[in-house]
1. At a Förster distance of 22 Å, what's the computed FRET efficiency of B:S28 paired with B:S49, Cβ-Cβ distance as r, to 0.05?
2. Mind jotting down the distance between the C-alpha centroids of the stretch B:16-37 and the stretch A:151-197, whole Å?
3. Please rank A:L106, A:L48, fewest neighbouring Cβ atoms within 10 Å first, as an exposure proxy.
4. By how many nm would the segment from B:D139 to B:L219 grow when fully extended, if each residue of separation counts as 0.36 nm and the alpha-carbon distance is taken off?
5. Too long at a 29 Å Cα-Cα cut-off: which of A:K56/A:K162; A:K86/A:K169; B:K59/B:K181; A:K169/A:K196?
6. Viscosity 0.692 mPa s, temperature 37 °C: give me the Stokes-Einstein translational D for the protein assembly as shown in µm²/s, with Rh taken as the Kirkwood radius over C-alpha pairs.
7. To check my understanding: the extent here is largest minus smallest coordinate of the Cα atoms along each principal axis. What are those three numbers for the stretch B:141-222, in Å, largest first?
8. Please compute, for peptide B:93-100, the average count of beta-carbon atoms on other protein chains lying within 10 Å of each residue's beta-carbon.
2 protein chains.
Amino acid sequence: MEKLLKKKAIILFSGGLDSAITAALAKSRGRELVALSFDYGQRHRIELSRARRLAKAMKIKRHLVLRLPLNKIAAGALVDGSPVNKSGVKKGAPSTYVSYRNGVFLSLAFSLAEAEGAHEVWGGWCGADFGGYPDCRADFFKAMERAAGLGTWEGRRGRGFKVVAPLAKLGKAASFRLGKKLGVDFSATWTCYAPKASKPCGLCDACRSRAKGFEEAGLKDG
Amino acid sequence: MEKLLKKKAIILFSGGLDSAITAALAKSRGRELVALSFDYGQRHRIELSRARRLAKAMKIKRHLVLRLPLNKIAAGALVDGSPVNKSGVKKGAPSTYVSYRNGVFLSLAFSLAEAEGAHEVWGGWCGADFGGYPDCRADFFKAMERAAGLGTWEGRRGRGFKVVAPLAKLGKAASFRLGKKLGVDFSATWTCYAPKASKPCGLCDACRSRAKGFEEAGLKDG
């Protein structure tokens, strides 16, 4: 059965490097992907055009870009206009933490999954780097799976939902090497949180982490 | 402290009877409410004008109506154009179940709560009536509280979030009597899932349940 019929899965697809690598991995593992991106008032909205381009290049047939005015309710520099930190990763909540963003994204992904008959939500969360995002941690994902199992008809019928985070234990360098092996077009992805005139700033946490990852992996970015 | 400073709380505010009663109760218990409604592609969008009117009448200072295109992703007769059942409540998933709707609503409410410095999300879920909505049950709410505790900075700092569902154990008749006591303007609320020309249909599960509740309570609707 598994061999004949591709297993459908939702992927949270930001247009970033990690979600592109995750999508490539999911495809290599026989998943038929439905990609979900959010136009949530993020200051790096440019990532959405990359997400569209990547989805096309990766032959993901169904790609939804959902408008979600998270900027109307959530706090955090990505959505509320407050400044993005550019002086290196610090302890505690990063300026770019958007209140419960992945809680919202995952819940919408579960809603879509139930409607589509899928039971997996893949995402490019990379636990090794940022301790700063509590909504990227494994114990949070487990709790979300449990909630979705209790709060959906599919779950009540014993067909719950899995959060699949294959990069969570890898670290950036190993992730990027995996991406290289899978043929991901790094140049098509977007990472920066604080772009100016469509150029990455090179100084925000996300830019720093990307640069460090490529350096450690011994790979060229782009 | 409690006496001097009102405790802030989020309320999911549909414009329906149950959320209006819940709001009145929360206010009577000293909560300063931030009301959150969703324009989610529901066929009974008329409820939003009632929500606005009610919020004003109830002197809720902050009322957000968030556009959320749930109809682009979720399945269910309230959002996808399939017919609403009008022949009485049945076993199993009702036609009006929208995939993981309360999972999505609650996650957004937690995001707002964290941004607002609130730690409670109130809602008018009425467990007694509909077994049809798994995302209205107490075990689901507990799981959501746990997820929000793990997935937010506030939660990690030991200041988690509570889902408050005061009508969950009451049944419709008792809820309506409570509403009467609290001075809720029943006539301003909206219940019907399948209105025609701004009139309730009288036949959908929600209309039937409302009529039955008023009958049992010995109260007049409107």
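1. 0.30
2. Rounded to whole Å, the Cα centres lie 39 Å apart.
3. A:L48, A:L106
4. 25.6 nm
5. A:K169/A:K196
6. 144
7. 47, 30, 19
8. Partner-chain Cβ atoms within 10 Å, mean over residues of B:93-100: 5.
Bear in mind that the values in this text are calculations on the coordinates, not laboratory data. Because the structure is a prediction, the values reported are computed rather than measured. Virtual Cβ from ideal backbone geometry, glycine too; neighbours counted across all protein chains shown.
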